[in-house]
Amino acid sequence: MKQNYTKKYESMKVAGEILYVVLQELKDLAKPGVTTDTLDKYAESRILELGGLPSFKGFNGFPSSLCASINHDLVHCIPAKKKLKKGDILSIDLGVQHGGFHTDSAITFGIDSISIEAKNLLSVTKTALKMGIEKAIVGNTTNDIATAIQDYVESKKLSVVRDLVGHGISKDIHESPYIPNFKTKPPHHILTLGQTIAIEPMVTLVNPKLTRSEDGYGYAMADGNISAHFEHTIIILKDGPEVLTTKHDR
């Protein structure tokens, strides 16, 4: 990797590992009776304790560090006093900054036991993310990522959300290029060495149309069906993509 990418790479690895650790701890904390506001307070405190800064707080006026979306709510919902219930599916989306660089990641999971339909939705969305990441190589385009995600999701008879997309990420939380999860017409952005992007498939059961969530900030499925969201920040290296929002070898 070129020398001028070294600081970004190392800073984003640290930010990504902090983010991964906090998301896993939040998943363990998310039980019936716990509020998403409680999860948000924990996330902010833990990020600071681990040496990072919460990327989302204050971004475009967002009041919290964590996005927490339940069931038909898809993304960007403000944590609240509403208690989680057995059978809910919860999407948590979090950003961490370290050394002036950001990372962004999301997971969706069930609260205790969930329906077979919900389990399938989560499994397909998580696999779609993996398949999109595999296409993030030098010389490929954003449409190669999108095609892998859309083809897989639709082969499983589910629907890709089209109103929201992934994005570049580095010194700013949202940068160009857009990373759609669905095929688009040319021109397509060509992926380059050292580029850092956030890939984030968003999937639902039938109709991908969105509406505003009750908090007026986030987005929800217009038909009231459940939805799922998984996201990783990756860097494109000579030998292929590396996931930054995970644990790393020392």
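Check the stretch 68-86 and report whether any residue there is within 30 Å of residue 8 (Cα to Cα) and without any contact (Cβ under 8 Å) to a residue 40 or more places away in the chain. Yes, there is a match, as at least one residue in the stretch 68-86 is within 30 Å of residue 8 (Cα to Cα) and without any contact (Cβ under 8 Å) to a residue 40 or more places away in the chain. If you go through the stretch 21-53 and keep only what is touching a strand residue (DSSP E or B) at 6+ places or on another chain (Cβ under 7 Å) and either buried (at least 19 other Cβ atoms within 10 Å of the Cβ) or in a helix (DSSP H, G or I) (or both), you end up with 22, 23, 26, 27, 30, 36, 39, 40, 43, 44, 47, 52.
Taking the stretch 55-141 and the strands (runs of 3 or more DSSP E) fully enclosed by it, the elements with 1 or more residues that are of a type in the set (Val, Ile, Thr) and out of contact with any helix residue (DSSP H, G or I) (no Cβ under 9 Å at 6 or more places or on another chain) are at 73-75. Does residue 204 count as surrounded by 20 or more Cβ atoms within 10 Å (Cβ to Cβ) and either among the acidic types (Asp, Glu) or more than 19 Å from residue 235 (Cα to Cα) (or both)? It is true that residue 204 is surrounded by 20 or more Cβ atoms within 10 Å (Cβ to Cβ) and either among the acidic types (Asp, Glu) or more than 19 Å from residue 235 (Cα to Cα) (or both). The set of residues from the stretch 13-50 being among the hydroxyl-bearing types (Ser, Thr, Tyr) and within 16 Å of the chain's Cα centre (by Cα) comprises just one member, 20. Report yes if some residue within the stretch 115-124 is crowded, with 16+ Cβ neighbours inside 10 Å, basic (Lys, Arg) and modelled with pLDDT of 95 or more; otherwise report no. Checking the stretch 115-124: not a single residue is crowded, with 16+ Cβ neighbours inside 10 Å, basic (Lys, Arg) and modelled with pLDDT of 95 or more.
Which numbered condition in (1) within 22 Å of residue 163 (Cα to Cα); (2) buried (at least 23 other Cβ atoms within 10 Å of the Cβ) is the only one that residue 60 fails? For residue 60, the failing item is (2). Considering each residue of the stretch 226-237 in turn, at least one proves to be farther than 20 Å from residue 9 by Cα, crowded, with 21+ Cβ neighbours inside 10 Å, hydroxyl-bearing (Ser, Thr, Tyr) and under 19 Å from the mean Cα position of the chain (by Cα).
Set side by side, the residues 211, 147 differ, and just one is over 28 Å from residue 16 (Cα atoms), modelled with pLDDT of 95 or more and out of contact with any Ser or Thr (no Cβ under 7 Å at 6 or more places or on another chain), which is 211. Of all residues in the stretch 84-98, those being more than 19 Å from the chain's Cα centre (by Cα) and surrounded by 15 or more Cβ atoms within 10 Å (Cβ to Cβ) number 1. Looking across the stretch 142-178, the residues that are assigned to a strand (DSSP E or B) and either among the aromatic types (Phe, Trp, Tyr) or more than 16 Å from residue 233 (Cα to Cα) (or both) come down to 159, 160, 178. Can you pull out every residue in the stretch 211-250 that is touching a strand residue (DSSP E or B) at 6+ places or on another chain (Cβ under 6 Å) and of a type in the set (Asp, Glu)? Once the filter is applied, which keeps residues that are touching a strand residue (DSSP E or B) at 6+ places or on another chain (Cβ under 6 Å) and of a type in the set (Asp, Glu), the stretch 211-250 yields 231, 242.
Screening the stretch 153-201 for residues that are under 21 Å from residue 62 (Cα atoms) and of a type in the set (Gly, Ala, Ser) and picking the one that is surrounded by the most Cβ atoms within 10 Å (Cβ to Cβ) gives 166. Which of the residues spanning the stretch 1-20 are of a type in the set (Lys, Arg) and either free of Cβ contacts under 8 Å to residues at least 24 places away in the same chain or assigned to a loop (DSSP other than H, G, I, E, B) (or both)? The answer is 2, and nothing else. Of the residues screened, residue 17 is not one that is surrounded by fewer than 18 Cβ atoms within 10 Å (Cβ to Cβ), acidic (Asp, Glu) and within 19 Å of residue 172 (Cα to Cα).
Of the strands (runs of 3 or more DSSP E) lying entirely inside the stretch 179-250, those carrying at least 2 residues that are closer than 19 Å to residue 166 by Cα and touching a residue at least 12 places away in the same chain (Cβ under 8 Å) are 196-199, 202-204, 219-221, 227-229, 232-237, 240-243.
The values are calculated or read from the model by the stated rules, or taken from the named source; none is laboratory data. Source: prediction; values computed, not measured. Note: ideal-geometry Cβ built from the backbone for every residue, glycine included; neighbour counts use all protein chains shown.
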